[in-house]
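Read through the structure below, which is laid out as structure tokens, and then see the notes.
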Amino acid sequence: MSRPVSSSAALPIAHVVLRILIVLNWLGGVAILALLVVSPNAQWIMAAFKLSPSPDTDRLIMGMRAVAVLGLAAIPLHYIVLKRLLAIVETVRAGDPFVAENADRLQAIAWTLLALNALSIVIGAIAKAVSTPAHPLRLDAGFSINGWLAVLLTFLLARVFAEGTHMRDDLEGTV
Amino acid sequence: MAIAVKLDDLLHDRRMTLTELAERVDITLANLSILKTGKARAIRFSTLEAICEALTCQPGDLLRFTPAQARKRKGVA
């Protein structure tokens, strides 16, 4: 049973923002891919970052390549999250968000966020391992309590949606 | 469903149509139709009370439990 669609501006805004983020995510993927294509040219990287040839520099470049590969792996994961969020927003706009598909979508988002947080820890560890006092590699990656809290909350929300869907199904058969 | 709704019989006995009952108990015709055809999964006490009042009957006159159907549902021979 559909309820009146909310007149709040949040939903159209969320719809547009998510669509923009999907495009930006793919553009980010293209940028990382381009970086990976040019990264075998160590001379170019050394010139760009003003690095002097040394074993530490080789390690730093290797680390940057590894981070770029992991960053590329994060692109489809971001897409999974954004695409499912967009689908959830669409069901809210249609006035029928408590459906089993949304519980499944939230569950998928939770697992993907878990993978992204794990990836962030690996990226942070690589950055720390290859950083030197002369050439520090500072990345916004690593363990984040907020990120893991978001994973937990999304798993809980998926469960809430599953229960909500079940309750609504029961209510629909009630006279 | 092992619970059968005898709304049809009660309406026939009282020479009343489903539409008339819907007007008296203030429940939509669609919902009463769901109840009559046995498609309802649950019935509110308020609905039961309104129907019993309109048809001057007891809840037992409206509902019947069929053990054979219940066994069939549970897969017992």
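Of note:
Residue-wise test of (1) touching a residue at least 24 places away in the same chain (Cβ under 8 Å); (2) closer than 25 Å to A:LEU60 by Cα; (3) within 14 Å of chain B (Cβ to nearest Cβ); (4) assigned to a helix (DSSP H, G or I).
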{"site": "A:THR112", "(1), (2), (3), (4)": "yes, no, no, yes"}
{"site": "A:VAL122", "(1), (2), (3), (4)": "yes, yes, no, yes"}
{"site": "A:ALA129", "(1), (2), (3), (4)": "yes, yes, no, yes"}
{"site": "A:VAL151", "(1), (2), (3), (4)": "yes, no, no, yes"}
{"site": "A:LEU157", "(1), (2), (3), (4)": "yes, no, no, yes"}
{"site": "A:GLY164", "(1), (2), (3), (4)": "yes, no, no, yes"}
{"site": "A:ARG168", "(1), (2), (3), (4)": "yes, no, yes, yes"}
{"site": "A:LEU171", "(1), (2), (3), (4)": "no, no, yes, yes"}
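- Whichever residue in the range B:34-43 is without any contact (Cβ under 8 Å) to a residue 12 or more places away in the chain and not in a loop (DSSP other than H, G, I, E, B) and, among such residues, is nearest to the other protein chains (Cβ to nearest Cβ): B:ALA42
- Taken together, B:ALA22, B:ALA50, B:ALA4 contain a single residue that is surrounded by fewer than 17 Cβ atoms within 10 Å (Cβ to Cβ), part of a helix (DSSP H, G or I) and hydrophobic (A, V, I, L, M, F, W, C), which is B:ALA50.
- Scanning the range B:53-71 for residues that are in a loop (DSSP other than H, G, I, E, B) and modelled with pLDDT under 90 turns up just one, B:THR66.
- Some residue of the range A:75-90 being surrounded by 15 or more Cβ atoms within 10 Å (Cβ to Cβ) and in a loop (DSSP other than H, G, I, E, B): no
- Test: residue in the range A:61-80 that is of a type in the set (Lys, Arg) and either within 28 Å of A:LEU114 (Cβ to Cβ) or within 22 Å of the chain's Cα centre (by Cα) (or both): yes
- Failed item in (1) farther than 22 Å from B:THR66 by Cβ; (2) assigned to a loop (DSSP other than H, G, I, E, B); (3) within 9 Å of chain A (Cβ to nearest Cβ), with B:ASN31 passing the rest: (2)
The values are calculated or read from the model by the stated rules, or taken from the named source; none is laboratory data. This is a predicted model, so every value here is computed, not measured. Every residue, glycine as well, gets a Cβ built from its backbone with ideal geometry; the counts of neighbours run over all protein chains shown.
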